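Heads up, the thing below is written out as structure tokens.
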Amino acid sequence: MKKLIAAVIALAGVFVAVPAAACTIQAPQEHSVVDEPAPDDVPPPETPDVTVESITRGQGPSGGIFNRSSTSCDGLGFLEFKISPARQEVGYTFDVVEGAPPDDYSFPDVPTHTNREGSIWFEAWSDGAEDKQESFRFETKVTAIDKWGRKSEPSEPVVVSHPGTGPCGGGSGSNQAALIVFSLSVLGLFRERISNIRSLACRSKPSD
């Protein structure tokens, strides 16, 4: 019986997720303001048009039973905003006006730049490396600030929301359940095979 239990444990070890190398995250670039008057021929920044480009939630190990994998980014939540018109010499601040971001996250106090595509990507919060995530909803206004500190009017409120994720999405929860069922099935097959071998041995034993 000890050998049987050891075999099942060893078999279960095949399905354990192996973490990958740590991920690399590039934070938004901080926008600097100079202490000098703005030129007369340069207009103040325009009120930005802002949309939510993507929301990434934390997740458990991915892949099937035999090839589960995870990364150090799996427990993080991310927000990506698209800004138009995007100007490299302008920074943007985000102010929450209604609701609350997840995990008490707060946007940077300083203005940040977009990338060349007009997006700003925030490493927002610790979401937990699991497939079951709670929903959230909040609203934010975005203000543009040029290099001389002049501000635009705030944007219209931008709704940032996510419905959350359940435990039945085929992630780590389902993999763990499948692992348990498989291990129990193997244990049952081993026990049945041993029982058959003993039965045959008893039948073949010569009588005195």
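Some observations on this one:
- Those strands (runs of 3 or more DSSP E) of the range 70-159 in which 2 or more residues are among the aliphatic types (A, V, I, L, M), modelled with pLDDT of 95 or more and surrounded by 14 or more Cβ atoms within 10 Å (Cβ to Cβ) occupy 136-145.
- Cβ-Cβ under 6 Å pairs, at least 6 apart or on other chains, the range 122-135 side within 16 Å of SER54 (Cα to Cα), far side modelled with pLDDT under 75 and of a type in the set (A, V, I, L, M): GLU123/ILE25
The values are calculated or read from the model by the stated rules, or taken from the named source; none is laboratory data. Keep in mind that this is a model prediction, so the values were computed, not measured. Cβ atoms come from the backbone with ideal geometry, glycine included; neighbour counts cover every protein chain shown.
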